[in-house]
Amino acid sequence: MKKLLIFFAAALAFSCTTSTKKETKHDGEMKENEEIRKKADEFVSFKLTTDLSVLTEKEKQMLPILLEAGKLIEEIYWVEAFGNKAELDTKDWNEYTRKFIDLNYGPWERLNANKSFLAEYEDKPAGANFYPIDMTKAEFEAWDDDSKTSLYTLIRRGEDGKLQSIPYHIAFKKQVEKVAQLLVKAAGLAEDPGLKNYLEKRSQALLTDDYFDSDVAWMEMKNNTIEFIIGPIENYEDQLYGYKTAHESFILIKDKQWSEKLEKYAALLPGLQTALPCDKKYKSETPGIDSDINVYDAIYYAGDCNAGSKTIAINLPNDEVVRNTKGSRKLQLKNSMQAKFDKILIPIADLLIAEDQRKHVKFDAFFENTMFHEVAHGLGMGNTVDKSTTVREALKDAYTSIEEGKADILGLWCVYQLNEMGEFSDKDMMDNFVTFMAGIFRSVRFGAASAHGKANMMRFYYFEEAGAFTRDETNGTYRVDYEKMKQAMFDLSADVLKIQGDGDYETATVLLKEKGYIREALQNDLDRIGEAGIPRDIVFEQGAEVLGL
């Protein structure tokens, strides 16, 4: 045991890295790289601010504490995504290269299939830094270890060269203990009992890697104005198996007026589950009844959510047991969403959508499509129909792309279904369909390394084959066919729900292989977007100074 602990102390000083250096020398200087400069400039700056007057004095005092915790999460995520950040920090990069490294959390371009943009590095390993760079899949699968597929372990080699599974709370002991202390300190200032309980339980969860109680506490808090999400949450970073979760943190301020407008939709979740356009066995689970939908302004992103394309909506928790018993929460990040709509979606629509249909591209439709994308994450099946395993485990590395594809298409179906039920007033579904089509061009630019990017590629080609849109070859614009898109929406929803319910890994991988990449014709239109100078995504100005703290 003592020998093992010595190994942990040495190995977990984060000397391990997936940097996969090429055998080339770096002379300490890098000439201006016009390509990197162009790529860095594709991310348009946006300040994360909000009206802090809605906070009490004690809530304002909490913010610097939460910001400090978020910075520690950044340190952990750098290790998971890259390895030893000091390896990059010591280099004398020009300002654009430095910006692009920071955007991507390493030398690999996230929105370009994780290809290296620095000569010193090979392309990014599929397992990021969660696994040894020399580990093979055969070795991993032959290894008999109960915790190897845990969401909360790093895989490393011991002194004997054999694989070892190291819990996050040990691997990141230094940062985790500091974060836990900060959460306890913030809990001491919390006036809302629910927020106080959550912060205390989350503090303990980080120290043990047991998140169930804190997830339940997070679901049970209802009246807090400050929303704080922290921990290892999503598994997009692990593209080898999709097992390992990466650390991230959000600080959000609730917009109570907008949130009140959405309260009624949470109560409709069980009815939406029952009405899903698929066979009965693929909707046999009942979503928790404690779900809610709220709107926020984001004021800080850290770690996984801040890498590459920026998150604009959240659906948590991911734990299937918590979701089945307590439901899930859907968080709409209104200021980030508005920034992407104004700076990216509208210019894309003006370029690629048929002129007479551009009037249908509206923020309300974009908000609804995005909001019900998060609602749709809670629909369908969390476990396979034969109850043998979770959908996540059954679909392995294909899970994230299939799940995002499900949420996209079912989100649109949710809007349609609620409109049919009379839950919206004076809604023209053409607004949602055309806005959805324009949104495909926005999200498909995230590339094949992104689960969201792959999901949009699959849907684009599915719609194309179904005739849901046509392309005018004379001016290169797209026109939505309402009836065919509606039918394609029903059919794709049924297909994806079946794949998940059956845990059909083979069909999922075939779908990804056939449709999860950008073909030449679509690439030509995406090139037109880039040539028009339309931003690829946003990058944040954030922190205490931006907030005026």
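Structure above, values below:
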read-out: Debye log10 I(q)/I(0) at q = 0.16, 0.19 Å⁻¹ for the stretch 163-307, Cα point scatterers; value: -1.04, -1.26
read-out: Positive-end residue of M457, W218, L316, charge dipole of the chain with Cβ unit charges; value: W218
read-out: Virtual spin-label span in nm between D350 and E320, 7 Å along Cα→Cβ; value: 4.7
read-out: Stokes-Einstein diffusion coefficient of the stretch 415-498, Kirkwood radius over Cα pairs, 4 °C, 1.567 mPa s, in µm²/s; value: 94
read-out: Sites T136 and T389, calculated FRET efficiency, Cβ-Cβ separation with R0 35 Å, nearest 0.05; value: 0.90
read-out: Pairs from K39/K254; K362/K454; K99/K261; K99/K326; K254/K343 whose Cα-Cα separation, in the structure shown, is over 30 Å; value: K39/K254; K99/K261; K99/K326
read-out: Cα centroid of the stretch 126-152 to Cα centroid of the stretch 211-264, whole Å; value: 27
read-out: Debye, to nearest 20: dipole size of the stretch 176-547, +1 on Lys, Arg Cβ, -1 on Asp, Glu Cβ; value: 200
read-out: Distance (nanometres) between label positions extended 7 Å along Cα→Cβ at Y482 and R157; value: 6.3
read-out: Other-chain or far-sequence residues with amide H under 5 Å of T477's (modelled H); value: D472
read-out: Virtual spin-label span in nm between T149 and K256, 7 Å along Cα→Cβ; value: 4.6
read-out: Karplus-derived HN-Hα couplings along the stretch 299-314 (A = 6.51, B = -1.76, C = 1.60, θ = phi - 60°), whole Hz, x at Gly and Pro; value: 10, 6, 10, 9, x, 3, 5, 9, 8, x, 6, 8, 5, 10, 7, 9
read-out: R0 of 45 Å, Cβ-Cβ distance A113-Q181: FRET efficiency to nearest 0.05; value: 0.70
read-out: Relative contact order of the chain, pairs being alpha-carbon contacts under 8 Å that are 6 or more residues apart, as %; value: 17
read-out: Cβ-based charge dipole, the chain, positive-most Cα from Q175, G188, S116; value: G188
read-out: Whole-Å distance, taken between Cα centres, linking the stretch 68-111 and the stretch 308-361; value: 26
read-out: Dipole magnitude of the stretch 275-421, debye to nearest 20 (Cβ charges: Lys/Arg +1, Asp/Glu -1, about Cα centre); value: 120
read-out: Compactness of the stretch 176-547 as Cα Rg over 2.2 N^0.38 Å, two decimals; value: 0.96
read-out: Principal axes of the stretch 247-292: Cα extent on each, largest first, Å; value: 40, 31, 17
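Any read-out appearing in this document is the output of simple, stated calculations on the displayed coordinates, not a laboratory observation. Computed from a predicted structure; not experimentally measured. FYI the Cβ positions are ideal-geometry reconstructions off the backbone, even for glycines, and counts take in every protein chain you see.
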